[in-house]
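Enquirer: Take a look at the following structure, please.
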Amino acid sequence: LKKGMNAQQRSQLPFALSNALNSIAFSGRKHVQTQLKAKLDRPTPYTLRGVQVEKSHKKKALVAKLGFAGKGFGKMQGEILPGEYMPFQIAGGIRLPRKRTIMVPTKHQTTNKYGNLAKTKFFSLIADKARYFVGVPTDGSKGGRKPRLGPEATGVWKRTGPKGKLRKHIQMQIALEPQAHYKPRFPFPEIVGRHVKRTFQREFGKAFQKAMKSAR
């Protein structure tokens with residue numbers, strides 16, 4: 001492209017490229033947010049805000065970055081940043097707990113409108129010791145108190161039977177998992193790659209024409 005340009009056009013090329021990259025990155029941000037809503041189950045506003053852009057600059061590397069806010073990228077505050085949990089949605093894998101276990105709500109436990117468990121829910125349930133308990137259910141036998149179920153039954157349980165010291169009818173409310181398994185669900189590189197191919201020529205043409213009009 002440079003070979004067919006005059007000196008003025010070549011001098012404006014970095015400016016045009018930088019503007020084109022930034023335009024594509026910001027339109028790509030909106031596109032990714034739309035795809036998140038389409039491909040994931042009720043992504044939170046926090047996740048949507050986590051899609052961020054690091055702009056290109058004509059005097060620096062001609063690179064615009066589009067990704068999820070995390071350590072070293074983007075500006076966002078939170079206990080767990082989108083850049084930490086979204087890779088599991090993108091590539092799959094096994095997520096280990098930040099502390100001891102991962103809380104997974106069952107169908108018996110209500111969640112918020114985004115399908116998540118409120119942070120305070122665990123503590124509010126276990127505070128009611130008459131109706132809820134944490135751990136693995138036992139058979140109630142004297143001495144050994146053998147588990148009624150396997151170790152995978154660790155969680156927060158609700159006593160649903162008649163009142164009494166040992167209630168036979170129980171219902172798991174929250175599973176306490178040692179790890180969470182994820183399958184790839186959000187093809188982020190492919191989504192962005194297709195957007196770049198679809199928009200680059202148009203955006204570069206517009207940016208180059210604008211750069212030439214503003215040339216001195």
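Enquirer: Working only within the range 1-20, note down all residues that are touching a Lys or Arg at 6+ places or on another chain (Cβ under 8 Å) and among the hydrophobic types (A, V, I, L, M, F, W, C). Spell out the reasoning first.
Expert: Narrowing the range 1-20 to residues touching a Lys or Arg at 6+ places or on another chain (Cβ under 8 Å): 2, 10, 13-20.
Of everything in the range 1-20, those that are touching a Lys or Arg at 6+ places or on another chain (Cβ under 8 Å) and among the hydrophobic types (A, V, I, L, M, F, W, C) turn out to be LEU13, PHE15, ALA16, LEU17, ALA20.
Enquirer: If you take the residues in the range 151-191 that are touching a Pro at 6+ places or on another chain (Cβ under 7 Å) and modelled with pLDDT of 90 or more, which one is least open to solvent (accessible area, probe 1.4 Å)?
Expert: Going through the qualifying residues, I end up with ILE174.
Enquirer: If you don't mind, another one. Please specify each residue of the range 10-34 satisfying the condition of being of a type in the set (S, T, N, Q) and open to solvent by 50 Å² or more (accessible area, probe 1.4 Å).
Expert: Step one: of the range 10-34, the residues of a type in the set (S, T, N, Q) are 11-12, 18-19, 22-23, 27, 33-34.
Correct list: SER11, ASN19, THR34.
Enquirer: Mind checking which pairs have a first residue in the range 193-214 that is in contact (Cβ under 8 Å) with a residue 24 or more places away in the chain and open to solvent by 100 Å² or more (accessible area, probe 1.4 Å) and a second that is in a helix (DSSP H, G or I) and among the aliphatic types (A, V, I, L, M), Cβ under 8 Å, 6 or more apart or different chains?
Expert: Once the first residue is in contact (Cβ under 8 Å) with a residue 24 or more places away in the chain and open to solvent by 100 Å² or more (accessible area, probe 1.4 Å) and sits in the range 193-214, its partners that are in a helix (DSSP H, G or I) and among the aliphatic types (A, V, I, L, M) give LYS206/ALA20; LYS210/ALA16.
Enquirer: If you don't mind, another one. Can you give me the ranges of the strands (runs of 3 or more DSSP E) entirely in the range 35-145 with at least 3 residues that are more than 30 Å from GLU190 (Cβ to Cβ), open to solvent by less than 60 Å² (accessible area, probe 1.4 Å) and out of contact with any Cys (no Cβ under 9 Å at 6 or more places or on another chain)?
Expert: The qualifying strands (runs of 3 or more DSSP E) are 132-135.
The values are calculated or read from the model by the stated rules, or taken from the named source; none is laboratory data. As the structure is a prediction and not an experimental result, all values here were calculated from the model. Positions of Cβ are generated from backbone atoms using ideal geometry, with glycine treated the same way; all protein chains shown enter the neighbour counts. Accessible surface areas use protein heavy atoms only, side chains included; no ligands, DNA or RNA. Shrake-Rupley method; radii C 1.70, N 1.55, O 1.52, S 1.80 Å.
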